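Only one structure is covered here, and it is reproduced in the block below.
The values are calculated or read from the model by the stated rules, or taken from the named source; none is laboratory data. As the structure is a prediction and not an experimental result, all values here were calculated from the model. No Cβ is skipped: glycine too gets one built from the backbone with ideal geometry, and neighbour counts run over all protein chains shown.
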Amino acid sequence: MSHHIVEFKNVSFLYPDGTEALRDISFRITHGESVGIIGANGAGKSTLLLHINGYLMPTSGTVNIGDLYLTRQTRQEIRRKVGVVFQNPDDQLFMPTVYEDVAFGPLNLGMDETAVRERVEYALNLVSGLELQNKPPHHLSCGQKSAVAIASVIAVEPDILAMDEPAANLDPRSRRLLINLLKTFEHSKIIASHDLDLIMDVCHRCIVIKEGTVVADGPVMEILTNKKLLEENHLELPLSLQRR
């Protein structure tokens, strides 16, 4: 299924102040892969994710999503394929009620009211948030906001799911529900996180980013049990492995 492919070829990105956030990054993610992106703060993880659906455009190199190269002309079509969950849910929630936030994407796809309601209820049920549908997002807890942000992306049924620190604001029960949810998502998913136990639970492959470059790419257990590699990148073994 070529429409589920994510491919970066020699991608570099400079912010307007001259900061080089990505340097000559190349990788290919195929249909159904679950890939964790890890690295220290400032390594370039969030910047990388924001290229997947054109929130940022490469300074050089190419990003290919399915059969489309990312350009200013194609990014609207690409955003129909890729769902991105931001690290801060306040960047994603802007409507008067939770229902309207989750319905926003399906409505933009031109779905009728009945189909939209079904999508909203399905997505909110997945994150155990149906009872929140009439609440204003700004009245929610951090964990509830994160759940609703995830539901708003799930509601558009993306081919590819990209998430930036999805468990950062979640309590242990909500985190476990998220992990179970991600395991059911059969298409390609890319998760940037410091939560290496979540990466180990959900992902089969892991890419390590350091100072905007890929320094390792391989099976998740091979990467996350390599104490030397992790320490070189200011990371530690997953907590579950430290206890062994």
Residues that are crowded, with 18+ Cβ neighbours inside 10 Å, more than 18 Å from His234 (Cβ to Cβ) and of a type in the set (Ser, Thr, Tyr), drawn from segment 2-52: Ser34
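Have a look at Ile25, Ile37 and point out the one that is within 28 Å of Leu230 (Cα to Cα) and touching a Lys or Arg at 6+ places or on another chain (Cβ under 8 Å). Steps first, answer last, please.
On the way: Ile25 fails: touching a Lys or Arg at 6+ places or on another chain (Cβ under 8 Å).
Among Ile25, Ile37, only Ile37 is within 28 Å of Leu230 (Cα to Cα) and touching a Lys or Arg at 6+ places or on another chain (Cβ under 8 Å).
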Failed criterion for Asp197 (all others in (1) among the charged types (D, E, K, R); (2) at pLDDT 90 or above; (3) closer than 27 Å to Phe13 by Cβ hold): (3)
Complete set of residues in segment 59-103 that are in a loop (DSSP other than H, G, I, E, B), closer than 22 Å to Leu22 by Cα, at pLDDT 90 or above and out of contact with any Phe, Trp or Tyr (no Cβ under 6 Å at 6 or more places or on another chain): Leu70, Thr71, Arg72, Thr74
Residue list for segment 131-155, filter: in contact with a Pro (Cβ under 7 Å, 6 or more places away or on another chain), surrounded by 21 or more Cβ atoms within 10 Å (Cβ to Cβ) and at pLDDT 90 or above: Val148, Ala149, Ala155
Test for Val35: is it touching a residue at least 40 places away in the same chain (Cβ under 8 Å), in contact with a Gly (Cβ under 6 Å, 6 or more places away or on another chain), assigned to a strand (DSSP E or B) and of a type in the set (Val, Ile, Thr): no
